[in-house]
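Let me begin by presenting the structure, written as structure tokens, before commenting on it.
The values are calculated or read from the model by the stated rules, or taken from the named source; none is laboratory data. Computed from a prediction, not measured in an experiment: that's the story for all the values here. All Cβ positions, even for glycine, are placed from backbone atoms using ideal geometry, and neighbour counts span all protein chains on display. Areas reflect the complete protein model, heavy atoms only, side chains present, ligands, DNA and RNA absent. Shrake-Rupley method; radii C 1.70, N 1.55, O 1.52, S 1.80 Å.
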Amino acid sequence: MSNSGRKPGRLVADKRYPRAGAKKPTKKPAPKRRKPAKRKTTRRRNPIAAFFIGIFRWLWRLIWRSTVFVSLVLAMIIGTAVFYTRAGLPEVSEIVDGRARGSVTLMDREGAVYARRGDQYGGAVTADGVSKHLKNAIVATEDKRFYNHFGLSPRGIASAVRINLSEGRGPLSGHGGSTLTQQTAKLLCLGNTYDPSEWESESAFVADCRRGSLQRKIKEAIYAMAMESKYSKDDILAIYMNRAYMGGGAYGAEAAAKRYFNKTAASLNPAESAMIAGLLTAPTRMAPTANLKRSQDRAATVLRLMNEQGYLTAEETRHYQNNPATLAAEAQMSAGGYFADWVMRSGPEFFTRDTTEDVLIRTTLDQRLQAATAEAVNKVFSEKVREGSKAEVAVVVMSADGAVRAMIGGRKTDASGLFNRASQAVRQTGSAFKPFVYATALELGYGPLDTVLDEPFCMNIPGSGEWCPKNYTKTFKGRVTLTDALKDSLNIPAVKISESVGRDLVMRVARDFGIYRDLKDTPSMALGSSEATLLEMTGAYAGILNGGSSVTPYGLTELRLRGDDTPLMGAGGGIGERVIQPRAAGELIWMMEKVVAEGTGARARLSDRPVAGKTGTSQEARDAWFVGFTADYVAGVWMGYDDNTPLSGVTGGGLPAEIWREVMTRVHQGIPAKPLPSQAPVVQAPAPQPAPQPAPRDQRRRDSILNQVLRDILGGN
């Protein structure tokens, strides 16, 4: 029978006995018996607890849902506010210069910068255009997470609140936790601009921008997030670096780099960058021009922060901490403060004090002469003025054409922004006025050797009664020449000459020379009872030196806008119209030479060149003057108290003359001596006497007989 190809089946015995090589069947383990489950015993819950748990769960779900809902609503509101604020943000190029007014840069006669006024701005910089060290220093100091946040730093805010509370302040008072973006938002005043018609002053506007109220903080946060959404991080950093005030009148990194180091912001090294970054917390107090040591100490801290954040190696940090940044020579120059203030006041307001443009002004200042003047004043006051004295001083040095070369307006010789006694103090001139009396007389034909009687003298003044002037020495010298009267500063001859030539003409000559204030039309005018500033008096004496022409003192020679080559205005002073003839001016100079060589101005003598000048002491010695000149320069010195307290033991021929000598000795160093343009008087030879004529013959005979008779009587031969 065929099996149709199927394998033979197994026998029953085969099933009982396994084949060789066959695997032994494994026995399945018996299933484990499941233990019967314990029956749960349900305990009945306390219905009161269940009630409160249910309420708590309901409240939790309500709070959670409300929080989510409120958060979503706030997010929508904030997002809308950010979007709306972002739409109003201008382009970066429009907001880098945040000044409300322009700057004024003052240069001396050689073109070197010596003073700056207003808000200095060196030009726009970008984050990539400045030194990488400056960029790193600002980030390390102001906001180390700047490149990782969205405009706000929750960690920074939480840390600031914790510090404020621990120090006993309100959570928003003191440390603000502000990011660089928030600080930039403050600098932009949240998009508001200064309007003079709405604010009492610019400082009030800025103070309002800096307020730290909760409402202001919320607006600031929205504005910061809007900036982050519109500008790049480097754009925000650039706005900050351009608008931040960095002390010394400098706004922005470029202006600060030029102000302190006379270089561009792109070329700053780590030490210089750290010093500028260190200014940002307190720019006025930390400015290196105010206190270099304090600024260097702050820079050392900034360098340490740069090291901690990986911007500098430990070796670099030590090197720059041991070799801190120092000021450039130009930044250390502080001379000419009074002079700069005077130029700013005398120039047009719209180009000086209230300018909205960047202005360059070239002036007549000579920095060598300015330094020499300050040195001389400090020397005399340190050596010859008693400690604690509040006596003040003013000095002006100018050329014969009225160009002011140096100016000191007080004992703080290098100060600025203070009361300028050289140009603002109006004081009695005393005997320093007398040259204008004699100038009038010489112009009318008097000569230096003409005489006048110095004797007791009284006048009846209508409305005032009798007036009897006295000489300073209380003595009288009898008949004296005009030269001796001026040399010894005699009062009575000056009054007599003034009355002789006419007070109206004396007043006219004085006004034409520049003493333009209200001259008192009284006999005492000849003795200097009228008032003038030191600048006016020095300018009037310059008119005598230049041959008798009026002078308008000036300090500005050229004014132009930065970037323009064409000046907007030139010099505002100089030589004007003739007042007296050159002959009269020359004779007056000759007389004034005698004042220094032989008279009251002896302490002003210079050892190497001739000097002419005049002392002056006002009533009760409230003012002491010496004004004089050489062939090259005119200088005036005034001393006195601001409150008109009389000087003790000081006259014009004393300390003022000594200060004048010290000043002019230094001013003329290296300048060859020249003769003064004086004109000595021509001494008239006595008129020839006619030769004796022989007596007539009869007369001779009578004389002969008379002589014979007398000889007979007296027994003579």
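Identify the single condition in (1) touching a residue at least 24 places away in the same chain (Cβ under 8 Å); (2) assigned to a helix (DSSP H, G or I); (3) in contact with a Ser or Thr (Cβ under 6 Å, 6 or more places away or on another chain); (4) not β-branched (Val, Ile, Thr) that residue 307 does not satisfy, given that it satisfies every other one.
Of the numbered conditions (1) touching a residue at least 24 places away in the same chain (Cβ under 8 Å); (2) assigned to a helix (DSSP H, G or I); (3) in contact with a Ser or Thr (Cβ under 6 Å, 6 or more places away or on another chain); (4) not β-branched (Val, Ile, Thr), the odd one out for residue 307 is (1).
Would you confirm, using the coordinates I've provided, whether residue 529 is hydroxyl-bearing (Ser, Thr, Tyr), in contact with a helix residue (DSSP H, G or I) (Cβ under 9 Å, 6 or more places away or on another chain) and either part of a helix (DSSP H, G or I) or closer than 15 Å to residue 614 by Cβ (or both)?
The answer is no for residue 529.
Hey, does segment 613-631 have a residue that's open to solvent by less than 10 Å² (accessible area, probe 1.4 Å), in contact (Cβ under 8 Å) with a residue 24 or more places away in the chain and more than 24 Å from residue 373 (Cβ to Cβ)?
Checked segment 613-631: no residue is open to solvent by less than 10 Å² (accessible area, probe 1.4 Å), in contact (Cβ under 8 Å) with a residue 24 or more places away in the chain and more than 24 Å from residue 373 (Cβ to Cβ).
If you take the residues in segment 80-94 that are surrounded by 17 or more Cβ atoms within 10 Å (Cβ to Cβ) and not small (Gly, Ala, Ser), which one is nearest to residue 253 (Cα to Cα)?
The qualifying residue nearest to residue 253 (Cα to Cα) is 92.
Mind checking whether some residue in segment 360-369 is free of Cβ contacts under 8 Å to residues at least 12 places away in the same chain and surrounded by fewer than 14 Cβ atoms within 10 Å (Cβ to Cβ)?
Going residue by residue through segment 360-369, those that are free of Cβ contacts under 8 Å to residues at least 12 places away in the same chain are 368.
Subset that is surrounded by fewer than 14 Cβ atoms within 10 Å (Cβ to Cβ): none.
Scanning segment 360-369 turns up no residue that is free of Cβ contacts under 8 Å to residues at least 12 places away in the same chain and surrounded by fewer than 14 Cβ atoms within 10 Å (Cβ to Cβ).
Looking at 422, 441, which is the one that is closer than 21 Å to residue 398 by Cα, among the hydrophobic types (A, V, I, L, M, F, W, C) and touching a helix residue (DSSP H, G or I) at 6+ places or on another chain (Cβ under 7 Å)? Outline the logic, then answer.
Working: 441 fails: closer than 21 Å to residue 398 by Cα.
Of the residues listed, the single one that is closer than 21 Å to residue 398 by Cα, among the hydrophobic types (A, V, I, L, M, F, W, C) and touching a helix residue (DSSP H, G or I) at 6+ places or on another chain (Cβ under 7 Å) is 422.
Here are the criteria: (1) open to solvent by less than 50 Å² (accessible area, probe 1.4 Å); (2) over 17 Å from residue 130 (Cα atoms); (3) in contact with a helix residue (DSSP H, G or I) (Cβ under 8 Å, 6 or more places away or on another chain). Tell me which single one residue 309 does not satisfy.
It is condition (1) that residue 309 fails.
Condition (residue is of a type outside the set (Asp, Glu), out of contact with any helix residue (DSSP H, G or I) (no Cβ under 8 Å at 6 or more places or on another chain), open to solvent by less than 50 Å² (accessible area, probe 1.4 Å) and at negative phi) applied to segment 256-268: is it met by at least one residue?
no
Looking at residue 356 and the list (1) outside any helix (DSSP H, G or I); (2) β-branched (Val, Ile, Thr); (3) crowded, with 18+ Cβ neighbours inside 10 Å, which single condition is not satisfied?
(3)
Given (1) among the β-branched types (Val, Ile, Thr); (2) at pLDDT 55 or above; (3) not in a loop (DSSP other than H, G, I, E, B), where does residue 709 come up short, assuming only one miss?
Residue 709 satisfies every listed condition except (2).
Considering every residue within segment 197-208, establish whether at least one is among the charged types (D, E, K, R), crowded, with 20+ Cβ neighbours inside 10 Å and at negative phi.
Scanning segment 197-208, I find no residue that is among the charged types (D, E, K, R), crowded, with 20+ Cβ neighbours inside 10 Å and at negative phi, so the answer is no.
Please work out if residue 505 is of a type outside the set (Ser, Thr, Tyr), in contact (Cβ under 8 Å) with a residue 12 or more places away in the chain and open to solvent by 30 Å² or more (accessible area, probe 1.4 Å).
So residue 505 fits the description; yes.
Which members of segment 413-433 meet the condition of being in a loop (DSSP other than H, G, I, E, B) and either among the acidic types (Asp, Glu) or at positive phi (or both)?
414, 417
Taking residue 239, is it within 21 Å of residue 75 (Cα to Cα), hydrophobic (A, V, I, L, M, F, W, C), at pLDDT 85 or above and part of a helix (DSSP H, G or I)?
Answer is no for this residue.
Between a first residue in segment 573-597 that is modelled with pLDDT under 95 and a second residue that is of a type in the set (D, E, K, R) and buried (at least 16 other Cβ atoms within 10 Å of the Cβ), which pairs have beta carbons less than 6 Å apart while being 6 or more apart in sequence or on different chains?
574/401; 575/401
Across segment 446-463, what is the total count of residues that are without any contact (Cβ under 8 Å) to a residue 40 or more places away in the chain, part of a loop (DSSP other than H, G, I, E, B) and under 18 Å from residue 503 (Cβ atoms)?
Count: 4.
Testing residue 499 on (1) over 20 Å from residue 444 (Cα atoms); (2) touching a helix residue (DSSP H, G or I) at 6+ places or on another chain (Cβ under 7 Å); (3) open to solvent by 50 Å² or more (accessible area, probe 1.4 Å), one condition comes back false. Which one is that?
Going through (1) over 20 Å from residue 444 (Cα atoms); (2) touching a helix residue (DSSP H, G or I) at 6+ places or on another chain (Cβ under 7 Å); (3) open to solvent by 50 Å² or more (accessible area, probe 1.4 Å) one by one, residue 499 breaks only (1).
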